[in-house]
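All remarks here apply to the structure that follows.
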Amino acid sequence: MTTTAPPAGTRSVPEHSPGEARGPRRPGRIRRIGLPYLLLLPALLLELLVHLVPMVIGVAMSFKELTQFYIRDWGTAPWSGTGNYRLAVDFHGAVGEALLHSFLVTVVFTLLSVSLCWLIGTAAALYLQDNFRGRGVLRTIFLVPYALPVYAAVITWAFMFQHDNGLVNHVLHDQLHLTDEPSFWLIGDNSFYALLIVSVWKGWPFAFLIVMAGLQNIPKELYEAAALDGAGMLQQIRRITLPSLRPVNQVLVLVLFLWTFNDFNTPYVLFGKSAPAAADLISIHIYQSSFVTWNFGTGSAMSVLLLLFLLIVTGGYLLLTSRGRKTPDV
């Protein structure tokens, strides 16, 4: 019996019919599919215990009149509904007015800190791209503020900002004679500038590290071709560097914004439990409302409002920045 081969350009039909049952899947394939979920299980459990469960408890606390009288058994605290939220957003009252002031201070502080961190970090990364003697040493020195523990770094700055024997007043007043008398940096209006200096000092090395990593992916041939066309350094940065770093900067700015807006360690270590009015960030303000005045219901409502604000800003930012990354359908 002879068999004929199918003509060229036609697909061979499988011998089994469409309705024929296929063999069982191999156990090895099932194990390969389930392995990623198994590896993600510890992270999911930690996320559930560390973030989601406290978040749900905090939302529940925001609907109760939870004060120091019910702290031992907060489940017996009376139900207040949206009373804590109405109190927090009543900007004509004392609580709402103080929260609004803290929010505005935090917005200004965050915009200045993120802008300066990005500007200094980007400038340092650009100038350290060229090969020269001592470049590795400078890169290491620039990363020291980011590598230091936050508490050790901020405590050091707190000593430097002391009125009588601080290094800052010694340099500005005693050595350079830029001020008529030693300034108070940890109280009054100068506390905002002290907080901003510390935040930028410990934040710009992160921007420097991220931008420096992003610069490694830009081909040097683009700069060489631009130089042959007569483009200067500023034109190369505007036409080549910044457009190429756009994906990196989008993530970097968002991370810096979230870190700075939620920063609690820096003002707490620098000023203590009660920050001056000029440096009253919303994180320390919520802490004071909760753990100093023992009004956990109002503090929880403020935390929920802060979470909603950050979610809205983050979602809007991602929507705006994702428009330029969309590719047309082919």
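For the reader, a short list of remarks on this structure follows.
- Of everything in the stretch 38-64 that is under 24 Å from ASP280 (Cα atoms) and not hydrophobic (A, V, I, L, M, F, W, C), the residue that is least open to solvent (accessible area, probe 1.4 Å) is SER62.
- Looking only at residues of the stretch 81-138 that are at pLDDT below 90 and charged (D, E, K, R), we find that the one that is most open to solvent (accessible area, probe 1.4 Å) is ARG133.
- Pair list, Cβ under 6 Å, 6 or more apart: the stretch 31-57 residue closer than 28 Å to LEU307 by Cβ, other residue at pLDDT below 85 and open to solvent by less than 80 Å² (accessible area, probe 1.4 Å): none
- Candidate set from the stretch 272-330 (those that are in a loop (DSSP other than H, G, I, E, B) and among the charged types (D, E, K, R)); member that is modelled with the highest pLDDT: ASP280
- Among the residues making up the stretch 139-195, those that are over 22 Å from PRO205 (Cα atoms) and of a type in the set (Ser, Thr, Tyr) are THR179, SER183, SER191.
Residue-wise test of (1) hydroxyl-bearing (Ser, Thr, Tyr); (2) out of contact with any helix residue (DSSP H, G or I) (no Cβ under 7 Å at 6 or more places or on another chain).
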position: PHE264; (1), (2): no, no
position: PRO267; (1), (2): no, no
position: LYS273; (1), (2): no, no
position: ALA279; (1), (2): no, no
position: ILE284; (1), (2): no, no
position: GLN288; (1), (2): no, yes
position: PHE291; (1), (2): no, yes
position: SER300; (1), (2): yes, no
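- Any hit, the stretch 167-185, residues being within 26 Å of LEU254 (Cα to Cα), small (Gly, Ala, Ser) and assigned by TED's automatic domain parsing to the domain that holds THR260: no
- For the stretch 65-76, the criterion of being open to solvent by 90 Å² or more (accessible area, probe 1.4 Å), under 26 Å from LEU258 (Cβ atoms) and not hydrophobic (A, V, I, L, M, F, W, C) is met by none of the residues.
- Test result for VAL292, of a type in the set (A, V, I, L, M) and under 18 Å from the mean Cα position of the chain (by Cα): no
- The number of residues in the stretch 199-244 being assigned to a helix (DSSP H, G or I) and more than 30 Å from ALA152 (Cα to Cα) comes to 22.
The rows are residues; the columns are (1) more than 20 Å from VAL154 (Cβ to Cβ); (2) polar (S, T, N, Q); (3) surrounded by 19 or more Cβ atoms within 10 Å (Cβ to Cβ).
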{"position": "LEU270", "(1), (2), (3)": "no, no, yes"}
{"position": "ILE282", "(1), (2), (3)": "no, no, yes"}
{"position": "SER289", "(1), (2), (3)": "yes, yes, yes"}
{"position": "ALA301", "(1), (2), (3)": "yes, no, yes"}
{"position": "THR314", "(1), (2), (3)": "yes, yes, no"}
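- Exactly one residue out of ALA21, ALA43, ALA77, ALA8 is modelled with pLDDT of 60 or more, farther than 30 Å from PHE192 by Cα, over 31 Å from the mean Cα position of the chain (by Cα) and among the aliphatic types (A, V, I, L, M): that is ALA77.
- Complete set of residues in the stretch 263-289 that are in contact with a Lys or Arg (Cβ under 8 Å, 6 or more places away or on another chain) and of a type in the set (Ser, Thr, Tyr): THR266, TYR287
The values are calculated or read from the model by the stated rules, or taken from the named source; none is laboratory data. Owing to the predicted nature of the structure, the values given are computational and were not obtained by experimental measurement. Virtual Cβ from ideal backbone geometry, glycine too; neighbours counted across all protein chains shown. Protein only, heavy atoms only, side chains kept; ligands, DNA and RNA dropped before computing areas. Shrake-Rupley method; radii C 1.70, N 1.55, O 1.52, S 1.80 Å.
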